[in-house]
Each structure stands twice: as C-alpha cells, then as structure tokens.
Amino acid sequence: MFDTLTELSTILAEPAIPQGAAAALAVGLAALGAGYAERGIGSAAVGAIAEDRDLFGTGLILTVLPETLVILALVVVFAA
C-alpha cells in the first residue's frame, strides 16, 4: 500500500502541463474574455456616441477597460 502511495505522490508532483503552455493558456483565455466583454461594450458605446457625441471619451475608456485584463495576465506571466 505504501508503494502505491509513493508512486501516486510522484505522479502528482510532476506538472501535467508544461509551464509555457499554462502561461499561453492563461493569456489566451484572458484575451478571449476581454474580447467577449468588448463586443457588448463596443456596440453600446457606438450607440451612445451616435446619440450624443459628448460620450466619446467615456465610451472609449469603457471599451479599452477590459483589455487591461490581458495586460495584467501578461505581467503575471513575465513575473513568474
């Protein structure tokens, strides 16, 4: 029984996914989520700007805001 536990702990200690692949997956999923968020925000911002041109700055800031998630993901990948 102890041999089985030793083998199991050895298997679990090895990383299943290489570190580079995990980093690429993290940044890719962050970019996918940011793109999905920007889809809705961008269309709402264009509609608001079409009605009132003074909302351009607000719409621009709200459209760019989800992209900071990707930048933070890149910072985490390079820091690790």
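The values are calculated or read from the model by the stated rules, or taken from the named source; none is laboratory data. None of the values given here were measured: they were computed from a predicted structure. Glycine gets a Cβ as well: all are built from the backbone with ideal geometry, and neighbour counts include every protein chain shown.
Which of the residues that make up the stretch 52-63 are surrounded by 12 or more Cβ atoms within 10 Å (Cβ to Cβ) and within 15 Å of A34 (Cβ to Cβ)? Write out each step before concluding.
Here is the first cut: in the stretch 52-63, the residues surrounded by 12 or more Cβ atoms within 10 Å (Cβ to Cβ) are 55-56, 58-60, 62-63.
Scanning the stretch 52-63 gives L62, T63.
Can you tell me which residue among T63, T68 is at pLDDT below 95, in contact with a Gly (Cβ under 8 Å, 6 or more places away or on another chain) and assigned to a helix (DSSP H, G or I)?
Sole residue among the options that is at pLDDT below 95, in contact with a Gly (Cβ under 8 Å, 6 or more places away or on another chain) and assigned to a helix (DSSP H, G or I): T63.
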